[in-house]
Amino acid sequence: METPSDTLPELTDASKRLAQRALVICENRIELLMVEVEEERERILRAIWLALGAAVFGLLAGVALTAVIAVAFWRQSPIAALVILTMLYVVVATVLYARLVRLQSDWQTLPTTLDQLRKDRECLEKNLN
């Protein structure tokens, strides 16, 4: 039979190994989180630049289209020209709003990190039970 003094070094070594493994796991998760934060930052910046470009060129196209419709229909009916432009802008605004809502509903922040943390929790629960 082992004496308590014999099991103390084994217990200490096991505790050290457990602490080292926990630190390695935490380090890996933090590295994964940092990679995903960097990817998210790049994706957001790219989305901002694309949105700005689309807004600028969309505005230019809208101004040109407004001028074309106003010139083409002004002699027949100025009110009809303004109504056509208003309806066109309402349709475009509605389509863009619908796309924005769809984009926001599909947006996932740090999905890989959250998935890995869930797996870690499940594994820990499985091993502790």
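Derivation of every value follows stated rules applied to the coordinates shown; laboratory data play no part. Here the structure is a predicted model, which means the values were calculated and not measured. Glycine also receives a Cβ, built like all others from the backbone with ideal geometry; neighbour counts cover every protein chain displayed.
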**Asked** How large is the helix-only mean residue ellipticity at 222 nm for the chain, computed as the sum of -39500 (n - 2.57) over DSSP H runs with n ≥ 4, divided by its residue count, in deg cm²/dmol to the nearest 500?
**Response** -33500 deg cm²/dmol
**Message:** I need two numbers for the chain: Rg to one decimal and Dmax as a whole number, Cα atoms only, in Å.
**Reply:** 30.3, 108
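Taking neighbour Cβ counts within 10 Å as the exposure measure, how do Ser77, Ser105 sort from fewest upward?
Numbers: Ser77 11, Ser105 7.
So the ranking, lowest neighbour count to highest, is Ser105, Ser77.
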**Request:** Would you give the gap between the C-alpha center of segment 53-120 and the C-alpha center of segment 25-52, rounded to a whole Å?
**Result:** 27 Å
**Complete:** Helix 78-106: inclination vs the chain longest Cα principal axis, degrees, rounded to 10, gives 10 degrees
**Asked** Using the alpha-carbon atoms, what tilt in degrees (0 to 90, nearest 10) does helix 111-128 show relative to the longest principal axis of the chain?
**Response** 30 degrees
